[in-house]
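Trainee: Please find one structure pasted underneath; my questions will follow.
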Amino acid sequence: MVPAGGRLRRRGQGELEAQVLAVLRSAGGPATAGWVQEHLDGDLAYTTVITILSRLYAKKAVTRSREGRSYTWTSASDEAGLAALRMRRVLDGERDRDAVLARFVSALSPGDEERLRELLARADAPDGPGRRRDTEGL
């Protein structure tokens, strides 16, 4: 559907990926790209859905299994996980990680800073539920 002005709204960065992930999570198990396409709001081409799923697979946000000549896809992440992957990718692309992290922390609201401190303390606890683990696979 084209808006009154005749121009389509440009989607925000990562919006399609988030929509595909949400649809995939709603499947309750493995789903084909065709199923995902049918359940998405809007008229996305099948090839676009495949491209998005492939990008999510490269980011380890979804898994796939060969089923005949195609794949079934399963969500391995939620929206928060996808956002964390994007943050990690940005951080990994910077030379001065300390400076980036320092600027990030200094820009947090007091409430977010306190929440981050709580999460880090919980992750550092020897037997805590958020115990740090290898995040290389994120």
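Trainee: Being open to solvent by 50 Å² or more (accessible area, probe 1.4 Å), among the acidic types (Asp, Glu) and assigned to a loop (DSSP other than H, G, I, E, B) narrows it down to one residue among Glu113, Glu118, Glu94; which is it?
Mentor: Details: Glu113 fails: assigned to a loop (DSSP other than H, G, I, E, B); Glu118 fails: assigned to a loop (DSSP other than H, G, I, E, B).
None of the others qualify; the one that does is Glu94.
Trainee: Could you grab me the full set of residues in the range 25-36 that are farther than 13 Å from Val62 by Cβ and open to solvent by less than 60 Å² (accessible area, probe 1.4 Å)? Write out each step before concluding.
Mentor: Here is the first cut: in the range 25-36, the ones farther than 13 Å from Val62 by Cβ are 26, 28, 34-35.
Residue satisfying the conditions is Gly34 alone.
Trainee: Here's a follow-up. Tell me which residues, restricted to the range 61-88, are open to solvent by 90 Å² or more (accessible area, probe 1.4 Å) and either within 17 Å of Glu15 (Cα to Cα) or among the aromatic types (Phe, Trp, Tyr) (or both).
Mentor: Glu79, Met87
Trainee: List the pairs whose first member sits in the range 51-64 and is closer than 15 Å to Thr32 by Cβ, whose second member is open to solvent by 80 Å² or more (accessible area, probe 1.4 Å) and of a type in the set (Ser, Thr, Tyr), and whose Cβ atoms are under 6 Å apart, counting only residues at least 6 apart or on separate chains?
Mentor: Pairs that qualify, where the first residue is closer than 15 Å to Thr32 by Cβ and the partner is open to solvent by 80 Å² or more (accessible area, probe 1.4 Å) and of a type in the set (Ser, Thr, Tyr), are Arg64/Tyr57.
Here's the yes/no breakdown for (1) at pLDDT below 85; (2) in contact with an Asp or Glu (Cβ under 6 Å, 6 or more places away or on another chain); (3) not acidic (Asp, Glu):
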{"site": "Gly93", "(1), (2), (3)": "no, no, yes"}
{"site": "Gly111", "(1), (2), (3)": "no, no, yes"}
{"site": "Glu114", "(1), (2), (3)": "no, no, no"}
{"site": "Arg117", "(1), (2), (3)": "no, no, yes"}
{"site": "Ala121", "(1), (2), (3)": "no, no, yes"}
{"site": "Ala125", "(1), (2), (3)": "yes, no, yes"}
{"site": "Thr135", "(1), (2), (3)": "yes, no, yes"}
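The values are calculated or read from the model by the stated rules, or taken from the named source; none is laboratory data. Quick caveat, the model's predicted, so the values are computed rather than measured. Counting neighbours? That spans all protein chains shown, and the Cβs are built from the backbone with ideal geometry, glycine included. In case anyone asks, the SASA skips ligands and DNA or RNA and just uses the protein heavy atoms, side chains included. Shrake-Rupley method; radii C 1.70, N 1.55, O 1.52, S 1.80 Å.
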